[in-house]
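S.K.: One structure follows; several queries about it will come next.
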Amino acid sequence: EIVRLEMEGNEFQSEIPKIIHQQWKDDDVPKKFWKYREQWFKYFPKGEYEYKLWTDTSARELIVEHYPWFLPTFDGYNHNINRVDATRYFILYHYGGIYADLDYEPLMNFYDYFPHNMVSVIGSPYVWNEKTQNALMSSPQYDPFWVDTFNQLIKNAEKKGANILEVSGPILIDQSMDRSRQPVYVLPCENFQRVPIGEYDQTLRSTVVEREITFRLKPFNGKHCGLYSDDRCHFGKHHNTCSYVRKNGSIL
């Protein structure tokens, strides 16, 4: 595969660098996310941890400088959220560390819960959509799982009728895990990803209604991730604001 040939010479490092990666379109992070970032600074203090805020500009620069073979796919995406999703995989491959959405709030320092010799992703409580999510991930530098993910990115970008979750999001991660020989650890949703039932002030009303109604009506096949309001064994909260959806329901 072309991607695998491009990656030859990059040496896998069996540790999780203490780097926190986050993304926004520019340097002006909306105030609604500030309180969650403060929690990162509290539990993952500066000095011990490095923080990198990736913008649309710096994300594209990473691809141009280090992964130009992916640029036609990157620039060809119909939605910016696809570029945002894809970039986080390249970031974790290139630098290693921890990736977290801006609406992910740590409730403690959970660095030691990440295995240091493989990628980690969070288990999804939304069993009707996907098995995992990409809102919180950790990775050693140059983990080979991402090479398989890059191949999946190219394949899914060419797939007609694929939705955004499959083009570059959680469904793509599920597919990569199914097809890769590389190990990936799934962080338990009970600890890292409970459904934010009852949280109405940060998310579009249409998203809240869909989440709350679907959550109550869909079968769970025995999976239960715990109550969002119960902080016992609750290491972090994904507020799931769906910031990639505009007020009119269209996708950024």
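S.K.: I need the full set of residues from the range 68-81 which are touching a strand residue (DSSP E or B) at 6+ places or on another chain (Cβ under 9 Å), in a helix (DSSP H, G or I) and not hydrophobic (A, V, I, L, M, F, W, C), in order please.
M.R.: From the range 68-81, those touching a strand residue (DSSP E or B) at 6+ places or on another chain (Cβ under 9 Å) are 78-81; that's our starting set.
So of that shortlist, the ones also in a helix (DSSP H, G or I) come out as 80-81.
Result: Asn80, single match.
S.K.: Based on this model, can you work out whether Val147 counts as β-branched (Val, Ile, Thr) and in contact with a Phe, Trp or Tyr (Cβ under 7 Å, 6 or more places away or on another chain)? First the steps, then the outcome.
M.R.: Numbers: β-branched (Val, Ile, Thr): yes; in contact with a Phe, Trp or Tyr (Cβ under 7 Å, 6 or more places away or on another chain): no.
Spelling it out, it is not the case that Val147 is β-branched (Val, Ile, Thr) and in contact with a Phe, Trp or Tyr (Cβ under 7 Å, 6 or more places away or on another chain).
S.K.: Looking only at the range 160-180, which residues are within 15 Å of Lys131 (Cα to Cα) and either of a type outside the set (A, V, I, L, M, F, W, C) or in contact with a His (Cβ under 7 Å, 6 or more places away or on another chain) (or both)?
M.R.: Step one: filter the range 160-180 for residues within 15 Å of Lys131 (Cα to Cα), giving 165-166, 168-179.
Answer for the range 160-180, where residues must be within 15 Å of Lys131 (Cα to Cα) and either of a type outside the set (A, V, I, L, M, F, W, C) or in contact with a His (Cβ under 7 Å, 6 or more places away or on another chain) (or both): Glu166, Ser168, Gly169, Pro170, Asp174, Gln175, Ser176, Asp178, Arg179.
S.K.: Turning to a different aspect of this structure: Looking only at strands (runs of 3 or more DSSP E) that lie completely in the range 89-186, which have at least 1 residues being open to solvent by less than 30 Å² (accessible area, probe 1.4 Å) and without any contact (Cβ under 8 Å) to a residue 40 or more places away in the chain?
M.R.: On the way: elements: 97-100, 104-106, 119-123, 132-139.
Result: empty, no element qualifies.
S.K.: A further question follows. Ser206 versus (1) more than 15 Å from Tyr126 (Cβ to Cβ); (2) assigned to a loop (DSSP other than H, G, I, E, B); (3) modelled with pLDDT under 60: which is the lone unmet condition?
M.R.: Looking at each condition in turn, Ser206 falls short on (2).
S.K.: Before we move on, is Lys25 open to solvent by 50 Å² or more (accessible area, probe 1.4 Å), out of contact with any Leu (no Cβ under 6 Å at 6 or more places or on another chain) and either closer than 24 Å to Ile164 by Cα or not in a helix (DSSP H, G or I) (or both)?
M.R.: Numbers: open to solvent by 50 Å² or more (accessible area, probe 1.4 Å): yes; out of contact with any Leu (no Cβ under 6 Å at 6 or more places or on another chain): yes; either closer than 24 Å to Ile164 by Cα or not in a helix (DSSP H, G or I) (or both): yes.
Spelling it out, Lys25 is indeed open to solvent by 50 Å² or more (accessible area, probe 1.4 Å), out of contact with any Leu (no Cβ under 6 Å at 6 or more places or on another chain) and either closer than 24 Å to Ile164 by Cα or not in a helix (DSSP H, G or I) (or both).
S.K.: Residue check: is Asn221 at pLDDT below 95, open to solvent by less than 40 Å² (accessible area, probe 1.4 Å) and on the phi > 0 side of the Ramachandran plot? I'd like the intermediate steps shown before the answer.
M.R.: Working: at pLDDT below 95: yes; open to solvent by less than 40 Å² (accessible area, probe 1.4 Å): no; on the phi > 0 side of the Ramachandran plot: yes.
Answer is no for this residue.
S.K.: Out of all the residues in the range 42-84, which are closer than 22 Å to Glu105 by Cβ, free of Cβ contacts under 8 Å to residues at least 60 places away in the same chain and surrounded by 13 or more Cβ atoms within 10 Å (Cβ to Cβ)?
M.R.: Passing the criteria: Tyr49, Glu50, Tyr51, Lys52, Leu53, Trp54, Thr55.
S.K.: Given (1) touching an Asp or Glu at 6+ places or on another chain (Cβ under 8 Å); (2) free of Cβ contacts under 8 Å to residues at least 60 places away in the same chain, identify the lone condition not met by Phe33.
M.R.: Answer for Phe33: the failing condition is (2).
The values are calculated or read from the model by the stated rules, or taken from the named source; none is laboratory data. Just so it is clear, the model here is predicted, and its values are computed rather than measured. Please note: Cβ atoms are built from the backbone with ideal geometry, for glycine as well, and neighbour counts cover all protein chains shown. These area figures cover heavy atoms from the full protein model, side chains too; ligands, DNA and RNA do not enter into them. Shrake-Rupley method; radii C 1.70, N 1.55, O 1.52, S 1.80 Å.
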